């Protein structure tokens, strides 16, 4: 394993903190600890459109805000899963390879994708680099259908590129 430079610090974005380390890239407003606590970012409860603690985060007409509201309206996933998926996407999207605009652009496969939100985010925001996004897991959960409906509502081009594949455990090795 390569050695990290001495000044490199690995940060768990969901670990409790008492200082001002930037933990959230996708939703930077949550770097305010009081705001993050009020939004219950680390709790397992359903994302809901009527949750007043999330209104200011999901305000506006950006694609990110519209997708967040569509997911919340469907109570598609837990708050914790929602923020984890967005953070994983925000931190990894630049490191994946895909050929923007090239014929036969790459297919992204989200292994053990569960509800499929990470794959959906790539289909929505990285559609130039990835022609198809496959979410692969042992069983397709009902929450994937909710995620897909939310994506179709705000980004129909992405919904057509997103598919779920049920695979055997041995196939994922």
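A few points about this structure:
- Residue identified as within 29 Å of residue 134 (Cα to Cα) and modelled with pLDDT of 80 or more among 83, 14: 83
- Subset tally (residues that are in contact (Cβ under 8 Å) with a residue 12 or more places away in the chain, closer than 23 Å to residue 126 by Cα and not in a helix (DSSP H, G or I)) for the range 36-85: 4
- The residue that is surrounded by the most Cβ atoms within 10 Å (Cβ to Cβ), counting only those in the range 132-157 that are in contact (Cβ under 8 Å) with a residue 40 or more places away in the chain and touching a helix residue (DSSP H, G or I) at 6+ places or on another chain (Cβ under 7 Å), is 147.
- Filtered residues of the range 26-35 (kept if loosely packed, with under 15 Cβ neighbours inside 10 Å and either outside any helix (DSSP H, G or I) or within 16 Å of the chain's Cα centre (by Cα) (or both)): 28, 32
- Of all residues making up the range 52-79, the number that are over 14 Å from the mean Cα position of the chain (by Cα), crowded, with 18+ Cβ neighbours inside 10 Å and farther than 17 Å from residue 141 by Cα: 3
- Top-ranked residue in the range 139-157 [being assigned to a helix (DSSP H, G or I) and in contact with a strand residue (DSSP E or B) (Cβ under 8 Å, 6 or more places away or on another chain); ranked as nearest to residue 126 (Cα to Cα)]: 151
The values are calculated or read from the model by the stated rules, or taken from the named source; none is laboratory data. Given the structure is predicted, the values throughout are model-derived calculations rather than measurements. Neighbour counts are summed over all protein chains in view; Cβ atoms, including those assigned to glycine, are modelled from backbone coordinates with ideal geometry.
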